[in-house]
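Each remark here refers to the structure printed beneath this line.
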Amino acid sequence: MIKIGVLGAGGRMGQAIIAEVATTPDSWIVGGVERAGHPLCGSVIGDGLVVCANAAPVAHKADVLIDFTTPEALEEHLRAAMDGNAAILVGTTGLQPHHHAAIQAASRSIAVLQAANTSLAVSLLAVLVERAAATLDGEWDIEIAEMHHRHKLDAPSGTALYLGDAAARGRGATLDSLRLPPPDGTSAVRRPGGIGFA
C-alpha cells in the first residue's frame, strides 16, 4: 500500500489526485493540506481525514507527498517531507532559482521528483521538440502558444517553459539566450532562431 499526502488538496490537481487515488488499488490518502484560511481546511476527505494547514503531520504518515501548490509554500513542504522522511513529487510551477536550490538540497536526503508537467505525452512532446529544433537551422524561429483556464497563475506556464528549454537544448543553447521578449504590437521583426511565448 502506498500512503499519499496531497498538498494543495483543494486545488484542481489536488482534487483530481484524491479522486484518482480513491479508485486505485494499493494506495490511499493519509492526509490533505491546504493553506490556512482555505475553505477546505477543516473539511473531511477520504475516510474521515480532515484537511489541515500543516504539512508536517501528513508527511509523518505518508510514503509520498504530492505537491501542486505555489512556489511560496514549496520550502515548507520540502522541510516537512525531509522531517517525515517522505518522498515528494513537486508539480508546482513558477519556480525560481532559489526554489530549485532547495529541491536539490532536499534530494540529498529524500527522494524528490520535480516535473514541470507529469504527463507522459508532454515528456514525449519535449523530446520531439528538441529533435525538431536540432534538425531545423537557426533561420527557423519557434513560437510556443498556450491557452489556459482563467485561474492559471503562471504565464508562460511550467509546461511552456519546459518545451522552450527542450527547443533551446536542440539548438545547443539556453532558453535565456534564445528567449524573445513578449510582442508589444509595435514591431513584427523577430530575431531569427529565437523562442517566443504567446
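The values are calculated or read from the model by the stated rules, or taken from the named source; none is laboratory data. All values reported here derive from a predicted model rather than from experimental measurement. Cβ placement follows ideal geometry from the backbone for every residue including glycine, while neighbour counts extend to all protein chains displayed.
Filtering Ala102, Ala116 for residues that are part of a helix (DSSP H, G or I) and among the small types (Gly, Ala, Ser) leaves a single hit, Ala102. Taken over the stretch 38-70, the criterion of being in contact (Cβ under 8 Å) with a residue 12 or more places away in the chain, of a type in the set (Gly, Ala, Ser) and not in a helix (DSSP H, G or I) is satisfied by Gly46, Ala53, Ala62.
Note on the stretch 1-37: residues that are surrounded by 18 or more Cβ atoms within 10 Å (Cβ to Cβ), in a strand (DSSP E or B) and in contact with a Phe, Trp or Tyr (Cβ under 9 Å, 6 or more places away or on another chain) total 3. For the criterion of being under 20 Å from the mean Cα position of the chain (by Cα), without any contact (Cβ under 8 Å) to a residue 24 or more places away in the chain and surrounded by 15 or more Cβ atoms within 10 Å (Cβ to Cβ), Leu120 fails. Applying the criterion of being touching a His at 6+ places or on another chain (Cβ under 8 Å) and not aliphatic (A, V, I, L, M) to the residues of the stretch 63-84, the residue that is nearest to Tyr162 (Cα to Cα) is Pro71. Only one of the listed residues (Leu89, Leu95, Leu40) is closer than 21 Å to Leu178 by Cα, aliphatic (A, V, I, L, M) and not assigned by TED's automatic domain parsing to the domain that holds Gly170. That residue is Leu95. Only a single criterion out of (1) surrounded by 13 or more Cβ atoms within 10 Å (Cβ to Cβ); (2) without any contact (Cβ under 8 Å) to a residue 40 or more places away in the chain; (3) hydrophobic (A, V, I, L, M, F, W, C) is not satisfied by Met147, namely (1). Among the residues here, His149 does not qualify as modelled with pLDDT of 90 or more and either within 30 Å of His60 (Cα to Cα) or assigned to a loop (DSSP other than H, G, I, E, B) (or both). When the stretch 11-66 is limited to residues that are β-branched (Val, Ile, Thr) and touching a helix residue (DSSP H, G or I) at 6+ places or on another chain (Cβ under 8 Å), the one that is nearest to Val112 (Cα to Cα) turns out to be Ile66.
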